[in-house]
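See structure below.
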Amino acid sequence: MNSIMKNIIICVSLFSAFCLCGNINAKHQLNTVNQPTMRLWYDKPAEDWMMQALPIGNGEFGGMFFGGVEREQLQFNDKTLWTGSSEKRGAYQNFGDLFIDFQCIGDKATNYKRELSLDNAIGSVSYTLGGIKYLREYFCSFPDKSIVMRLSTQGKKGKLSFSVDLQDAHEGKKSVSGNKITISGKLDILNYEAQVAVLNSGGKLSTKENKITVENADEVTILLTGATNYDIHSPTYFSGSADDIHNRISEITNAASKKSFAELKSCHLADYQPIFDRVKLDFGAKAPEIPTDELVKNHRESAYLDMLYFQYGRYLLIASSRGTDLPNNLQGLWNNSNRPPWESDIHSNINIQMNYWLAENANLSECHLPFTNYITAEAMKQSGSWTEMAKWHGCRGWTIKTQNNIFGYSDWNWNRPANAWYCMHLWQHFEYTQDVDYLEKSFPAMKAACEFWFDRMIIDDHGKWVAPDEWSPEQSSWSAGLENGIAYAQQLIRELFDNTLKATAFVKTDEKFISELKSKFEKLDNGLHVGSWGQIREWRKKDDIQGDEHRHLSHLIALYPGNQISYLKDSVYANAAKTALLSRGDGGTGWSRAWKIACWARLLDGEHAYKLLKNALEVDYHDKIVMSNAGGVYENLFDSHPPFQIDGNFGATAGITEMLIQSNLGFIHFLPALPEAWKTGSFSGLKTTANFSVDLKWKNAKPTEATILSNAGNECKIYTPDNRIKITDENGKTIETADNPGNIISFRTEKGKIYKIIFMTTTAKP
């Protein structure tokens with residue numbers, strides 16, 4: 001067969017795989033964003049799982065690869081693999097390890113590179129050994145529900161010899177048959193199974209000592225698949241037997257085995273790239289020619305590192321939050337321990353909430369659904385634990401405690417206002433998507449959360465509705481910290497009531513509920529009180545401690561992620577929030593630093609937000625639970641609490657987005673907190689409320705050109721304090737605008753149309 005015919009066959013094969021996976025619907029972008037290659041890379045294998053190994057995932061299943069030359073280790077997880085039950089907390093579990101042991105010839109490897117490309121969600125390891133160039137590729141496919149590894153040599157045949165072993169992190173059963181290894185077992189209530197299939201091209205495959213041995217192969221593809229019988233919609237939280245799981249995993253493995261590596265890769269790219277490529281970011285920095293560990297250790301000033309960290313958060317959300325109606329956890333889905341810190345749980349004390357702060361404005365709305373669907377599923381379960389906890393208080397509706405497993409079990413301290421915090425996510429998904437069908441399904445959970453507070457609240461001495469006996473996480477001990485009407489609870493309840501009232505304009509509900517909601521909202525204490533040293537008060541009665549540098553910002557939820565505090569609304573409260581934030585300091589654990597980035601962005605202070613971003617990128621070497629100002633990132637850019645906790649990764653991406661664009665007050669604010677380090681740049685595809693996708697260019701810290709794609713046909717409002725702007729449609733026709741109070745212009749849009757904005761700098765409007 002000649003080379004031309006080979007190329008034709010390859011192209012037809014790739015096109016067929018592309019068609020099977022669905023077409024890429026790329027958004028037409030008028031701005032050219034020169035985002036450099038986004039990748040993490042290293043010149044040596046990983047030795048430490050938490051600090052150095054690299055993550056891949058498809059939203060449900062994933063792994064961490066080390067890249068060893070003599071031995072490759074791929075530790076893997078399924079985010080439904082838990083011990084515990086509805087009666088016992090249990091913990092998120094390590095699934096197991098895939099080991100590949102190579103028959104090395106004794107020479108030292110040269111030209112070693114271990115890499116994770118964010119642009120295509122493919123990891124790789126390459127090196128030269130004995131004059132042969134070796135290449136490994138790794139990805140976790142969402143359409144094919146498998147981790148895929150391909151091992152090859154460049155220009156050489158018959159040079160791949162190794163053994164494959166699959167090890168269970170539990171005491172399950174193991175079997176080897178033909179080209180497959182299977183592990184299976186049962187935890188407290190869940191059955192699990194994983195299979196690895198080895199597909200060799202050339203050479204010989206055999207089984208020996210519960211391993212698969214490959215000798216003298218040309219190329220080898222390895223498929224790894226695993227799952228449990230977890231089912232959040234079942235009263236028992238599981239469905240199906242061990243045989244059902246086996247059949248399901250076997251079907252997945254057999255179907256993937258029938259595809260070539262090129263087809264598997266093509267399907268993976270056709271699925272992943274349209275999601276990741278929605279957003280591009282350019283701060284005018286090129287990709288450096290140094291490894292990522294050196295970059296983050298010695299060149300934190302790099303604007304490329306800022307872009308990489310932003311896109312890494314988006315990558316990690318795609319990799320840990322798709323598919324099943326279950327959110328990611330404290331470590332996303334990556335965990336190598338059966339006793340992880342805090343059980344790697346669904347922690348309702350900012351942590352799970354922060355995991356999803358980036359979902360909407362970073363244009364990953366579908367990645368929000370595993371969390372929002374989880375909320376509605378648990379909140380509306382008849383006789384479910386969340387409703388039973390509300391009944392324990394003598395209330396309707398639902399509420400939760402702080403630590404939660406995936407079976408509805410909840411313990412540690414009460415976190416009653418977290419039901420309001422969760423509902424912020426339900427409303428936010430609607431704000432950004434304008435999906436009324438979704439809101440109709442989510443509204444009952446919002447309504448039920450309101451009813452809990454209708455029954456729970458009391459009237460204070462000032463005639464205001466307040467929540468009794470609440471705590472401000474995590475200030476003082478639980479028993480010593482309870483007060484009525486504290487800022488944390490009141491600010492969240494205010495967000496809940498406000499958002500639910502807005503939702504009643506889109507869905508049908510009973511008038512009695514609306515009337516009570518309006519009445520209580522009008523007399524609700526909003527949690528905003530200025531204290532003796534000019535701060536937002538955390539407590540109603542006891543004094544705040546000036547200089548308290550605690551990591552939690554529980555009394556500043558009204559600033560972020562809430563919407564009550566802004567210099568564009570009321571400078572008194574904005575100044576008080578700034579005073580409180582200064583008192584907390586610029587240290588803290590990894591996720592705390594991320595939260596502070598967003599808070600300073602909401603205060604329109606780009607330099608302080610940028611300082612916090614650089615603080616968040618400090619390299620940390622702590623691997624234990626440390627409640628101090630230790631924190632930052634590890635060499636693999638995982639956020640350090642310490643130890644590893646993924647909320648800081650997600651929070652930093654959300655904070656960077658807030659620095660570039662804000663829309664939480666109902667209008668678009670371009671570059672609200674731009675630091676000098678990013679004075680020239682561009683982005684494409686960031687989202688705003690009312691479902692607009694925005695591209696923007698700026699120079700010398702001033703916007704020059706923007707395009708706005710109207711995805712829902714809503715009125716568009718833009719904050720323009722220092723500019724005259726000209727708006728045209730796709731045909732160059734000038735669009736009429738209306739002036740509104742507060743330097744806001746507005747114009748009507750049509751669904752699916754793109755509008756171009758030219759900024760003409762002038763003096764500020766009077």
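The values are calculated or read from the model by the stated rules, or taken from the named source; none is laboratory data. Note that the coordinates shown come from a computational prediction; the quantities given were computed from them, not determined experimentally. No Cβ is skipped: glycine too gets one built from the backbone with ideal geometry, and neighbour counts run over all protein chains shown. Accessible surface is based on the protein model in full, side chains and every heavy atom, while ligands, DNA and RNA are left aside. Shrake-Rupley method; radii C 1.70, N 1.55, O 1.52, S 1.80 Å.
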Residue in segment 453-462 that is touching a residue at least 40 places away in the same chain (Cβ under 8 Å), out of contact with any Lys or Arg (no Cβ under 9 Å at 6 or more places or on another chain) and open to solvent by 30 Å² or more (accessible area, probe 1.4 Å) present: yes
Cross-chain or 6+ apart pairs with Cβ under 8 Å, segment 516-545 first and more than 17 Å from ILE557 (Cα to Cα), then at pLDDT 90 or above and among the small types (Gly, Ala, Ser): LYS523/GLY463; GLY534/ALA576; ASP543/GLY531; ASP543/SER532
Filtered residue count, segment 204-240, keeping only those that are more than 30 Å from SER383 (Cα to Cα) and touching a Lys or Arg at 6+ places or on another chain (Cβ under 9 Å): 13
Residue within segment 355-367 that is out of contact with any strand residue (DSSP E or B) (no Cβ under 8 Å at 6 or more places or on another chain) and open to solvent by 20 Å² or more (accessible area, probe 1.4 Å) present: yes
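Condition check: under 21 Å from the mean Cα position of the chain (by Cα), surrounded by 18 or more Cβ atoms within 10 Å (Cβ to Cβ) and farther than 18 Å from ASN363 by Cα. Does ILE350 satisfy that? Even if it seems obvious, please write down each step before you answer.
Numbers: under 21 Å from the mean Cα position of the chain (by Cα): yes; surrounded by 18 or more Cβ atoms within 10 Å (Cβ to Cβ): yes; farther than 18 Å from ASN363 by Cα: yes.
Yes, satisfied.
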Unmet requirement for ILE183, which otherwise passes all of (1) under 30 Å from LEU369 (Cα atoms); (2) touching a His at 6+ places or on another chain (Cβ under 9 Å): (1)
Qualifying residue in segment 633-650 (condition: open to solvent by 10 Å² or more (accessible area, probe 1.4 Å) and either in contact (Cβ under 8 Å) with a residue 12 or more places away in the chain or of a type in the set (Gly, Ala, Ser) (or both)): yes
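Looking at LYS751, LYS726, can you tell me which residue is open to solvent by 50 Å² or more (accessible area, probe 1.4 Å), under 25 Å from VAL33 (Cα atoms) and not in a strand (DSSP E or B)?
Answer to the selection: LYS751.
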In segment 480-500, the residues that are part of a helix (DSSP H, G or I) and open to solvent by less than 20 Å² (accessible area, probe 1.4 Å): ALA487, TYR488, ALA489, GLN490, GLN491, LEU492, ILE493, GLU495, LEU496, PHE497, ASN499, THR500
Which listed residue, of ASP188, ASP231, ASP277, is open to solvent by 20 Å² or more (accessible area, probe 1.4 Å), touching a strand residue (DSSP E or B) at 6+ places or on another chain (Cβ under 7 Å) and acidic (Asp, Glu): ASP231
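Scan GLY240, GLY226 and give me the residue that is in a loop (DSSP other than H, G, I, E, B) and small (Gly, Ala, Ser). Steps first, please.
Numbers: GLY226 fails: in a loop (DSSP other than H, G, I, E, B).
GLY240 is the lone residue from the list that is in a loop (DSSP other than H, G, I, E, B) and small (Gly, Ala, Ser).
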Given (1) farther than 25 Å from ARG314 by Cβ; (2) part of a helix (DSSP H, G or I); (3) open to solvent by less than 20 Å² (accessible area, probe 1.4 Å), index of the condition ARG416 fails: (2)
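Restricting attention to segment 84-111, and to residues there that are of a type in the set (Ser, Thr, Tyr) and in contact (Cβ under 8 Å) with a residue 40 or more places away in the chain, which single residue is surrounded by the most Cβ atoms within 10 Å (Cβ to Cβ)? I'd like the intermediate steps shown before the answer.
Taking segment 84-111 as the starting set, the residues that turn out to be of a type in the set (Ser, Thr, Tyr) are 85-86, 92, 110.
With in contact (Cβ under 8 Å) with a residue 40 or more places away in the chain added as a condition, the list becomes 85-86, 92.
Working: SER85: 19, SER86: 15, TYR92: 28.
So the residue we want is TYR92.
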Any hit, segment 611-631, residues being at pLDDT 95 or above and among the acidic types (Asp, Glu): no
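Just the residues that are in a loop (DSSP other than H, G, I, E, B) and modelled with pLDDT of 95 or more, please, taken from segment 200-223.
If we filter segment 200-223 for residues that are in a loop (DSSP other than H, G, I, E, B), which is where we start, we get 202-203, 209-210, 218.
Matches in segment 200-223: GLY202, GLY203, ASP218.
Return the total of residues in segment 253-274 being part of a helix (DSSP H, G or I) and more than 24 Å from the chain's Cα centre (by Cα).
To start, the set of residues in segment 253-274 that are part of a helix (DSSP H, G or I) comprises 253-257, 261-274.
Checking the rest, the ones that are also more than 24 Å from the chain's Cα centre (by Cα) come to 253-257, 261-264, 266.
Of the residues in that region, 10 qualify.
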Unmet requirement for LEU439, which otherwise passes all of (1) open to solvent by less than 10 Å² (accessible area, probe 1.4 Å); (2) farther than 21 Å from GLN353 by Cα: (2)
All positions within segment 662-682 that are farther than 17 Å from LEU612 by Cβ, in contact (Cβ under 8 Å) with a residue 60 or more places away in the chain and either among the small types (Gly, Ala, Ser) or crowded, with 24+ Cβ neighbours inside 10 Å (or both): SER663, GLY681, SER682
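Residue check: is PHE66 open to solvent by less than 40 Å² (accessible area, probe 1.4 Å), within 30 Å of the chain's Cα centre (by Cα) and hydrophobic (A, V, I, L, M, F, W, C)?
Yes: the conditions hold for PHE66.
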Segment 728-743 residues that are in contact (Cβ under 8 Å) with a residue 60 or more places away in the chain, paired with ones that are of a type outside the set (S, T, N, Q) and surrounded by 10 or more Cβ atoms within 10 Å (Cβ to Cβ) (beta carbon under 8 Å, 6 or more apart): GLY742/LEU568; GLY742/TYR719
Qualifying residue in segment 464-479 (condition: assigned to a helix (DSSP H, G or I) and open to solvent by 50 Å² or more (accessible area, probe 1.4 Å)): no
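With respect to THR657, is the statement that it is hydroxyl-bearing (Ser, Thr, Tyr), within 30 Å of TRP342 (Cα to Cα), open to solvent by less than 10 Å² (accessible area, probe 1.4 Å) and within 27 Å of the chain's Cα centre (by Cα) true? Break it down into steps so the answer makes sense when it comes.
Values: hydroxyl-bearing (Ser, Thr, Tyr): yes; within 30 Å of TRP342 (Cα to Cα): yes; open to solvent by less than 10 Å² (accessible area, probe 1.4 Å): yes; within 27 Å of the chain's Cα centre (by Cα): yes.
It is true that THR657 is hydroxyl-bearing (Ser, Thr, Tyr), within 30 Å of TRP342 (Cα to Cα), open to solvent by less than 10 Å² (accessible area, probe 1.4 Å) and within 27 Å of the chain's Cα centre (by Cα).
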Filtered residue count, segment 112-121, keeping only those that are open to solvent by less than 20 Å² (accessible area, probe 1.4 Å) and farther than 11 Å from PHE65 by Cβ: 3
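If I filter segment 378-385 for residues that are under 24 Å from the mean Cα position of the chain (by Cα) and open to solvent by less than 20 Å² (accessible area, probe 1.4 Å), do I get at least one hit? Don't jump to the end; show me each part of the working.
Residues of segment 378-385 under 24 Å from the mean Cα position of the chain (by Cα): 378-379.
With the extra rule that they be open to solvent by less than 20 Å² (accessible area, probe 1.4 Å), the set shrinks to 378-379.
Scanning segment 378-385 turns up at least one residue that is under 24 Å from the mean Cα position of the chain (by Cα) and open to solvent by less than 20 Å² (accessible area, probe 1.4 Å).
Quick check on my filter: what residues within segment 114-123 are of a type in the set (A, V, I, L, M, F, W, C), part of a loop (DSSP other than H, G, I, E, B) and more than 17 Å from ALA262 (Cα to Cα)? Break it down stepwise before answering.
Step one: of segment 114-123, the residues of a type in the set (A, V, I, L, M, F, W, C) are 116, 118, 121-122.
Adding the requirement that they be part of a loop (DSSP other than H, G, I, E, B) leaves 118, 121.
Of everything in segment 114-123, just one residue is of a type in the set (A, V, I, L, M, F, W, C), part of a loop (DSSP other than H, G, I, E, B) and more than 17 Å from ALA262 (Cα to Cα), namely LEU118.
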